[in-house]
1. All but one of (1) in contact with an Asp or Glu (Cβ under 9 Å, 6 or more places away or on another chain); (2) surrounded by fewer than 18 Cβ atoms within 10 Å (Cβ to Cβ); (3) closer than 14 Å to K47 by Cα hold for S123, so report the exception by its number.
2. List pairs: first residue in region 30-49 and of a type in the set (S, T, Y) and exposed (fewer than 15 other Cβ atoms within 10 Å of the Cβ), second residue at pLDDT below 95 and not in a strand (DSSP E or B) anywhere in the structure, Cβ distance under 8 angstrom, at least six positions apart or on different chains.
3. Name the pairs whose Cβ atoms lie under 6 Å apart, with the first residue in region 84-104 and free of Cβ contacts under 8 Å to residues at least 40 places away in the same chain and in a strand (DSSP E or B), the second surrounded by fewer than 18 Cβ atoms within 10 Å (Cβ to Cβ) and of a type outside the set (A, V, I, L, M, F, W, C), and 6 or more positions between them or separate chains?
4. Given W141, W152, W163, which one is in contact with a helix residue (DSSP H, G or I) (Cβ under 7 Å, 6 or more places away or on another chain), of a type in the set (A, V, I, L, M, F, W, C), within 20 Å of S46 (Cβ to Cβ) and touching a residue at least 12 places away in the same chain (Cβ under 8 Å)?
5. Please work out which residue is nearest to V82 (Cα to Cα), limiting yourself to region 164-185 and to residues that are among the hydroxyl-bearing types (S, T, Y) and more than 16 Å from the chain's Cα centre (by Cα).
6. Tell me, please, whether a residue that is assigned to a loop (DSSP other than H, G, I, E, B), modelled with pLDDT of 95 or more and touching a Phe, Trp or Tyr at 6+ places or on another chain (Cβ under 8 Å) can be found in region 114-123.
7. Under 6 Å between Cβ atoms, which residue pairs at least 6 apart in sequence (or on different chains) link something in region 59-80 that is within 30 Å of S131 (Cα to Cα) with a partner that is assigned to a loop (DSSP other than H, G, I, E, B) and at pLDDT 95 or above?
Amino acid sequence: MKHRRLPFARAVAAAVLIPLILVVAGCKTPSDDEVKKSVEIVGLESKWVAKEYKTWPHPKLTLVPTITFRVKNLTSAPLTFVNFNALFKEMNAVENNGDNFLSAIRDKGILPGELSDPIFMKSNFGVEGTSLASFKDNPSWKTWVVKLFVQWKGSHHVPVVNWTVVSRTIDFKEDAPVKPKDEKK
């Protein structure tokens, strides 16, 4: 009787283990080189935008660096579930000043050879002043750089853009002063 159970146990083990091995083999994490060869960052632009703006009771304007770009799919299959991490810092600084993690490309994906919609990433920290004019000579408003990482299919965070200088362009307009209406006499 015991020798009859052994072939049955082997068959059950094979029926469970073979599909499991095939699934694990199909879930291979791509190498850093494979990730870099799968995506291309296109049309990278940078600028500063307002994070906080108030005129009363004490004027305050906080500007933060941003980047906008598109992703080109260099693979032969739809590109899905891609995450990005942007690290922002002052040039030559040791530590980062801000960051942004974004799950940008989800289940819709990008078809082979196609471009994504524009992807916008904004630092969570920036530089504070009181008005746009205060940034002209503000010693705290130094040159910043950004490093962009991509993560795909469980890969590491792979650098795809290394320390690009953030433009000094400011995309913000202050409120126009309110003029009193002429009073009728």
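The values are calculated or read from the model by the stated rules, or taken from the named source; none is laboratory data. Source: prediction; values computed, not measured. Heads up, the Cβs are rebuilt from the backbone with ideal geometry, glycines too, and the neighbour counts pull from every protein chain shown.
1. (2) is the only condition that S123 fails.
2. Once the first residue is of a type in the set (S, T, Y) and exposed (fewer than 15 other Cβ atoms within 10 Å of the Cβ) and sits in region 30-49, its partners that are at pLDDT below 95 and not in a strand (DSSP E or B) give S31/S155.
3. Between residues of region 84-104 that are free of Cβ contacts under 8 Å to residues at least 40 places away in the same chain and in a strand (DSSP E or B) and residues that are surrounded by fewer than 18 Cβ atoms within 10 Å (Cβ to Cβ) and of a type outside the set (A, V, I, L, M, F, W, C), the close pairs are G98/N124; F101/N85; S103/N83.
4. Answer to the check: W141.
5. Filtering first and then ranking leaves S167.
6. Among the residues of region 114-123, at least one is assigned to a loop (DSSP other than H, G, I, E, B), modelled with pLDDT of 95 or more and touching a Phe, Trp or Tyr at 6+ places or on another chain (Cβ under 8 Å), which makes the answer yes.
7. Correct list of pairs: V64/S123; P65/S123; P65/V166; T68/P118.
Quick grid of which residues meet (1) outside any strand (DSSP E or B); (2) of a type in the set (D, E); (3) under 16 Å from L87 (Cα atoms); (4) out of contact with any Lys or Arg (no Cβ under 8 Å at 6 or more places or on another chain):
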residue	(1), (2), (3), (4)
K37	yes, no, no, yes
E40	no, yes, no, no
E45	no, yes, yes, yes
K51	no, no, no, no
H58	yes, no, no, yes
F69	no, no, yes, yes
K72	no, no, no, yes
